[in-house]
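Peer 1: Sharing a structure with you now.
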Amino acid sequence: MKKIFLSTIALSLLLISPIMGNEEKELTGDELMSKSNQAFYYAGKDGSSDVEMTIRDAQGGTRTRSMTILRRNEGENQKYYVYFRSPADVRRMAYLVWKNVKGDDDRWLFLPALNLERRIAPGDKRTSFVGSDFFYEDVSGRNLTDDTHELVETTDEYYVVSNKPKVPNSVEFAEYKVWLDKTTFIPMRSEYYDKNGKLYRTVESKKVEEIDGYYTVMEAVASDLITGSSTVNSFSNVRYNLDLNANIFSQRFLRRPPREVTSRK
Amino acid sequence: MKRFFILIMCVTSAAYLGAIDLGGFDIHGFIDVRGGLRTNSDPHERDASLGEIRLQLFNETFTEIGTFAGRIDFIYDGVLDSSHIDLEQGLGPIDLREANALFSPLDSLDIKVGRQILTWGVGDMLFINDLFPKDWNALFSGRDSDYLKAPSDAILLSWFPGFVDVDLVYTPLFDRDRFISGNRLSYWNPMLGRRAGRDAISEPERRHDWFGDDEVALRLRRMIGTYELAVYSYRGYWKNPEGFDPVANRARYPRLMAHGASLRGALAGGVLSLETGYYDSKDDRRGRDPFTPNSQQRYLIGYERELMRDLQAGMQYYVEIMENYNRYRSTLPEGMNAKDEARHVLTFRLTKLAMNQNLSLSFFAFWSPSDHDAYIRPTVEYKATDDWVIGTGANIFVGRDKDSFFGQFEKNNNIYASVRWNF
């Protein structure tokens, strides 16, 4: 009996020890990216923000986009509702995404002049989001299981993680490195390298604030080093845990924007 | 009477705009200048297919009571040159696109009353269960594709009890298509046995009876996983004047009931669309009247996917099958060309975005192997700035026969160009 008791204690200690030892143990690349993904894309159970997007081309021409984004977490999946305010040719368009971590996303675009709900083919997520230097994947997140993640450097401020696609030709990058803030796990800088190891694209978090207890990127810049264009995203009116109604993320509210977006500004 | 009507329209629009302005609400819109030329001469039409300046004003106001929307176009039309305003056919200097109010008396109920654009179904420029008015003149002459849909004066009830979405549309007075009457585009006139245009503008028998000549359209829809399943029902009239009254010697709009279903969802990295409908031609159920269309079955299957980055491709197969074909053949008057029992149509779409998605190149083609005709629509659009958009395109019809669906429009082949300033 005693033996059993002792071995139970020993077993419990064995089970507990890796958890206790975790504090000292260095996090792996996988764990870091998972924490970062959670902090950056899944903050709160839902959220909303206004976005001002300024696209600057190499010749100095600028275009702006203004939109409101609503997000709701549903387990590991998420739903996004994007309502465009400007420029005039996209005003009142609404874009709905059901992000499915396992499988293709479902996407709809509402065109108000035709009162038409278009279903958009899943397509390449690494294409420009509304003509900017941000990709769809930058907005809604990249599936962590698509890449391998390796912690390559730890500095005073950052964990530097190297990410490589498991299927090499599925994406335009051969590797991207992310600098994660050691306390917030927010990606402060991402560098994308092509097959020849040449840096061709960066995404940076320029301003981070704590809102409702969540570290939030308030300004982000994506730069295309080949074309010389860059896009600045400025976020405002950021809020979390609004108890957004699940119905908002349905066809009904594509046609008829919800109060959550029409009452702003 | 007409003048009085125009006056009323001007006063109400001025009052409306004034009210909006006083409230400090936003007005948006555009100025669109657009010209088009026929590439071949048409004895029945002008050489210019399009020549217009259009000012659109749009306001949408969200209040505690509801949402109010107005969208009105003021047009100078150098081709039709008509001062008579026809809000139904969209002729004359004013086209009222939207004037509606949306209320939500219950959490699960939306009611939209007034002039509105209505759309449903899953086809890409092919419509089976969408029996809301279309504007074929706009499409074929090179207006922006937004103008393919014409407005309805209707009440839309949308009820969302949870397990299904219900949309019920009541249109108290039949809203027909903005059909090809000959004023701008020439068409096949079966009575004359030739193509006709301004020399024989079609004036079908109108349906005037409010609440008598009405339309009801219903859709039930729900998601099955990530597939959208819908069933539809419609009671009204053929949207184009496809019937003929031999006594009055005029085209007419026979009665129509339609029932159908659609399914749309993701498949193999693309989007699959299926739609079917049964057109019950109530004025000629047995198919014995040669002057009224027979009942039809319609089927559509479409698939769209991205071929490479910023290049989308879509394909559709569509067929309409005439019921009681033998009776149609046996009652058809001597000398009239018989239609086929089945009309098959294939469509192809390619859309390429370039220059940070500011340049859009699009190619859309309809091809009917059974009618031996085709309709091809290449378009180019460039967003020069956030406010300025320039565009050009063509509408090309080819056909073996002069009376087939697309072949009849062969003399209307045109190219067009446009400049638009959005504000």
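The values are calculated or read from the model by the stated rules, or taken from the named source; none is laboratory data. What you see is a predicted model, and the numbers here were worked out from it, not measured in a lab. Heads up, the Cβs are rebuilt from the backbone with ideal geometry, glycines too, and the neighbour counts pull from every protein chain shown.
Peer 1: Which of (1) farther than 16 Å from B:LEU185 by Cβ; (2) at pLDDT 95 or above is the odd one out, the single condition B:ARG377 does not satisfy?
Peer 2: (1)
Peer 1: Based on this model, can you work out whether B:VAL122 counts as touching a residue at least 12 places away in the same chain (Cβ under 8 Å), in a loop (DSSP other than H, G, I, E, B), surrounded by 20 or more Cβ atoms within 10 Å (Cβ to Cβ) and within 14 Å of chain A (Cβ to nearest Cβ)?
Peer 2: Judged against the criteria, B:VAL122 is a match.
Peer 1: State whether one or more residues within the stretch B:282-289 are within 14 Å of chain A (Cβ to nearest Cβ), in contact with a Lys or Arg (Cβ under 7 Å, 6 or more places away or on another chain) and at negative phi. Don't jump to the end; show me each part of the working.
Peer 2: Start the filter on the stretch B:282-289 by keeping residues that are within 14 Å of chain A (Cβ to nearest Cβ), which leaves none.
Within the stretch B:282-289, none of the residues are within 14 Å of chain A (Cβ to nearest Cβ), in contact with a Lys or Arg (Cβ under 7 Å, 6 or more places away or on another chain) and at negative phi.
Peer 1: Among what's in the stretch A:78-106 and is within 11 Å of chain B (Cβ to nearest Cβ) and in a strand (DSSP E or B), pick the residue that is surrounded by the most Cβ atoms within 10 Å (Cβ to Cβ).
Peer 2: Filtering the stretch A:78-106 for residues within 11 Å of chain B (Cβ to nearest Cβ) gives A:85-92, A:98, A:100, A:103-106.
With the extra rule that they be in a strand (DSSP E or B), the set shrinks to A:85-86, A:98, A:106.
Details: A:ARG85: 20, A:SER86: 17, A:TRP98: 18, A:ASP106: 22.
The residue in question is A:ASP106.
Peer 1: What number of residues in the stretch B:263-288 are under 22 Å from B:ALA251 (Cβ atoms) and buried (at least 19 other Cβ atoms within 10 Å of the Cβ)?
Peer 2: Going through the stretch B:263-288, the residues under 22 Å from B:ALA251 (Cβ atoms) turn out to be B:279-288.
Remaining after also requiring buried (at least 19 other Cβ atoms within 10 Å of the Cβ): B:279, B:281, B:284, B:287.
Residues that pass the stated criteria total 4.
Peer 1: Continuing with the same structure: What are the residues in the stretch B:366-398 that are under 26 Å from B:ARG34 (Cβ atoms), among the small types (Gly, Ala, Ser) and in a strand (DSSP E or B), if any?
Peer 2: Scanning the stretch B:366-398 gives B:ALA374, B:GLY391, B:GLY393, B:ALA394.
Peer 1: Residues that are among the hydroxyl-bearing types (Ser, Thr, Tyr), surrounded by fewer than 21 Cβ atoms within 10 Å (Cβ to Cβ) and touching a Leu at 6+ places or on another chain (Cβ under 7 Å): does the stretch B:229-246 have at least one? Spell out how you get there, then give the answer.
Peer 2: Keep residues of the stretch B:229-246 that are among the hydroxyl-bearing types (Ser, Thr, Tyr), which gives B:232-234, B:237.
Those still in the list that are surrounded by fewer than 21 Cβ atoms within 10 Å (Cβ to Cβ) too: B:233.
Remaining after also requiring touching a Leu at 6+ places or on another chain (Cβ under 7 Å): B:233.
Yes, there is a match, as at least one residue in the stretch B:229-246 is among the hydroxyl-bearing types (Ser, Thr, Tyr), surrounded by fewer than 21 Cβ atoms within 10 Å (Cβ to Cβ) and touching a Leu at 6+ places or on another chain (Cβ under 7 Å).
Peer 1: Scan the stretch A:244-252 and give yes if some residue there is surrounded by 15 or more Cβ atoms within 10 Å (Cβ to Cβ), closer than 30 Å to B:VAL166 by Cβ and charged (D, E, K, R), otherwise no.
Peer 2: Kept after step one, since they are surrounded by 15 or more Cβ atoms within 10 Å (Cβ to Cβ), are these residues of the stretch A:244-252: A:244-245, A:248-252.
After this cut, where a residue has to be closer than 30 Å to B:VAL166 by Cβ as well, the list is A:244-245, A:248-252.
Retained after the next criterion (residues that are charged (D, E, K, R)): A:252.
Scanning the stretch A:244-252 turns up at least one residue that is surrounded by 15 or more Cβ atoms within 10 Å (Cβ to Cβ), closer than 30 Å to B:VAL166 by Cβ and charged (D, E, K, R).
Peer 1: Next up: Taking the stretch B:214-228 only, how many residues are surrounded by 15 or more Cβ atoms within 10 Å (Cβ to Cβ) and within 14 Å of chain A (Cβ to nearest Cβ)? Before you say what the answer is, go through the steps one by one.
Peer 2: Taking the stretch B:214-228 first, the residues surrounded by 15 or more Cβ atoms within 10 Å (Cβ to Cβ) are B:214-215, B:217-221, B:223, B:226-228.
After this cut, where a residue has to be within 14 Å of chain A (Cβ to nearest Cβ) as well, the list is B:217, B:219-221, B:223, B:226-228.
Residues meeting the conditions: 8.
Peer 1: Could you list, in sequence order, all residues of the stretch A:210-224 that are touching a Phe, Trp or Tyr at 6+ places or on another chain (Cβ under 7 Å) and closer than 18 Å to A:THR127 by Cβ?
Peer 2: Matches in the stretch A:210-224: A:ALA222 only.
Peer 1: Starting from residues that are facing another protein chain (nearest Cβ under 9 Å) and free of Cβ contacts under 8 Å to residues at least 40 places away in the same chain, keep the ones in the stretch B:264-281 and report whichever is nearest to B:TYR318 (Cα to Cα).
Peer 2: Residues of the stretch B:264-281 that are facing another protein chain (nearest Cβ under 9 Å), as a first pass: B:264-266, B:269-271, B:273.
Restricting the remaining residues to those that are free of Cβ contacts under 8 Å to residues at least 40 places away in the same chain gives B:269-271.
Working: B:GLY269: 22, B:GLY270: 19, B:VAL271: 16 Å.
Within the stretch B:264-281, the match that is nearest to B:TYR318 (Cα to Cα) is B:VAL271.
Peer 1: Could you please let me know if B:THR171 is within 17 Å of the chain's Cα centre (by Cα), touching a residue at least 24 places away in the same chain (Cβ under 8 Å) and surrounded by fewer than 19 Cβ atoms within 10 Å (Cβ to Cβ)? If you could, list the steps in order and put the result at the bottom.
Peer 2: Details: within 17 Å of the chain's Cα centre (by Cα): yes; touching a residue at least 24 places away in the same chain (Cβ under 8 Å): yes; surrounded by fewer than 19 Cβ atoms within 10 Å (Cβ to Cβ): no.
Considered against the rule, which asks whether it is within 17 Å of the chain's Cα centre (by Cα), touching a residue at least 24 places away in the same chain (Cβ under 8 Å) and surrounded by fewer than 19 Cβ atoms within 10 Å (Cβ to Cβ), B:THR171 comes out as no.
Peer 1: If you scan the stretch A:123-182, which residues turn out to be closer than 20 Å to A:ALA222 by Cα and among the basic types (Lys, Arg)?
Peer 2: A:LYS125, A:ARG126, A:ARG142, A:LYS164, A:LYS177
Peer 1: Being facing chain B (nearest Cβ under 8 Å), assigned to a strand (DSSP E or B) and within 15 Å of B:GLU304 (Cα to Cα) is the filter here, so list the residues in the stretch A:118-128 that pass it.
Peer 2: Initial filter on the stretch A:118-128 (facing chain B (nearest Cβ under 8 Å)): A:119-124, A:126-128.
Narrowing the set further to residues that are assigned to a strand (DSSP E or B) leaves A:119-120, A:128.
Within the stretch A:118-128, A:ARG119, A:ILE120 meet the criteria.
Peer 1: If we keep just the residues of the stretch B:75-104 that are more than 13 Å from B:ILE155 (Cβ to Cβ) and more than 23 Å from the chain's Cα centre (by Cα), which is nearest to the other protein chains (Cβ to nearest Cβ)? Spell out the reasoning first.
Peer 2: Filtering the stretch B:75-104 down to residues more than 13 Å from B:ILE155 (Cβ to Cβ) leaves B:75-99, B:104.
Now restrict to residues that are more than 23 Å from the chain's Cα centre (by Cα): B:83, B:104.
On the way: B:SER83: 26, B:SER104: 8 Å.
Applying the filter and picking the extreme gives B:SER104.
Matching residues to (1) touching a Gly at 6+ places or on another chain (Cβ under 7 Å); (2) basic (Lys, Arg):
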{"position": "B:GLY314", "(1), (2)": "yes, no"}
{"position": "B:LYS339", "(1), (2)": "no, yes"}
{"position": "B:LEU353", "(1), (2)": "no, no"}
{"position": "B:SER360", "(1), (2)": "no, no"}
{"position": "B:ASP373", "(1), (2)": "yes, no"}
{"position": "B:GLU381", "(1), (2)": "yes, no"}
{"position": "B:GLY399", "(1), (2)": "yes, no"}
{"position": "B:LYS411", "(1), (2)": "no, yes"}
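Peer 1: With the structure loaded, tell me whether A:ASP133 is of a type outside the set (Ser, Thr, Tyr), in a loop (DSSP other than H, G, I, E, B) and in contact with a Pro (Cβ under 8 Å, 6 or more places away or on another chain) or whether it fails that test.
Peer 2: Values: of a type outside the set (Ser, Thr, Tyr): yes; in a loop (DSSP other than H, G, I, E, B): yes; in contact with a Pro (Cβ under 8 Å, 6 or more places away or on another chain): no.
In short, no.
Peer 1: Just to be sure I understand, how many residues within the stretch A:58-77 are more than 10 Å from chain B (Cβ to nearest Cβ), surrounded by fewer than 20 Cβ atoms within 10 Å (Cβ to Cβ) and of a type in the set (S, T, N, Q)?
Peer 2: 4
Peer 1: Please go through the stretch A:134-165 and give me each residue that is in contact with a Gly (Cβ under 9 Å, 6 or more places away or on another chain) and not β-branched (Val, Ile, Thr), ordered by number. Show your work before the answer.
Peer 2: Taking the stretch A:134-165 first, the residues in contact with a Gly (Cβ under 9 Å, 6 or more places away or on another chain) are A:136, A:148-152, A:159, A:161-163.
A:TYR136, A:HIS149, A:GLU150, A:LEU151, A:TYR159, A:SER162, A:ASN163, listed by residue number.
Peer 1: Restricting to the stretch B:132-168, name every residue that is in a loop (DSSP other than H, G, I, E, B) and within 18 Å of the chain's Cα centre (by Cα). Step through it out loud before you land on a result.
Peer 2: Step one: list which residues in the stretch B:132-168 are in a loop (DSSP other than H, G, I, E, B), which gives B:132-133, B:142-144, B:150-151, B:160-164.
Listed by number, the residues that qualify are B:PHE132, B:PRO133, B:GLY142, B:ARG143, B:ASP144, B:ALA150, B:PRO151.
Peer 1: Please work out which one of (1) more than 20 Å from the chain's Cα centre (by Cα); (2) more than 30 Å from B:ASP401 (Cα to Cα); (3) surrounded by 15 or more Cβ atoms within 10 Å (Cβ to Cβ); (4) of a type in the set (A, V, I, L, M, F, W, C) is the condition B:PHE211 fails and give its number.
Peer 2: (3)
Peer 1: Moving on. Being crowded, with 17+ Cβ neighbours inside 10 Å, hydroxyl-bearing (Ser, Thr, Tyr) and under 30 Å from B:LEU274 (Cβ atoms) is true for just one of B:SER141, B:SER145. Which residue is that? Lay out the reasoning, then the answer.
Peer 2: Working: B:SER141 fails: under 30 Å from B:LEU274 (Cβ atoms).
The conditions single out B:SER145.
Peer 1: Of B:THR347, B:THR351, which residue is among the polar types (S, T, N, Q), within 19 Å of B:GLU410 (Cα to Cα) and assigned to a strand (DSSP E or B)? Before you say what the answer is, go through the steps one by one.
Peer 2: Working: B:THR351 fails: within 19 Å of B:GLU410 (Cα to Cα).
Criteria check complete, one pass: B:THR347.
Peer 1: Moving on. Identify all residues within the stretch B:51-104 that are β-branched (Val, Ile, Thr), closer than 15 Å to B:PHE30 by Cβ and either in contact (Cβ under 8 Å) with a residue 24 or more places away in the chain or not in a strand (DSSP E or B) (or both); write none if there are none. Can you show your working first?
Peer 2: Taking the stretch B:51-104 first, the residues β-branched (Val, Ile, Thr) are B:53, B:61, B:63, B:65, B:67, B:72, B:75, B:79, B:85, B:94.
Filter once more, keeping what is closer than 15 Å to B:PHE30 by Cβ: B:53, B:72, B:75.
Passing the criteria: only B:ILE72.
Peer 1: Next question, about the same structure. In the stretch B:210-316, which strands (runs of 3 or more DSSP E) lie fully inside it and hold 1 or more residues that are at pLDDT 95 or above and touching a His at 6+ places or on another chain (Cβ under 6 Å)?
Peer 2: On the way: elements: B:215-224, B:227-237, B:243-245, B:250-252, B:255-267, B:270-280, B:296-308.
Ranges flagged: B:227-237, B:270-280.
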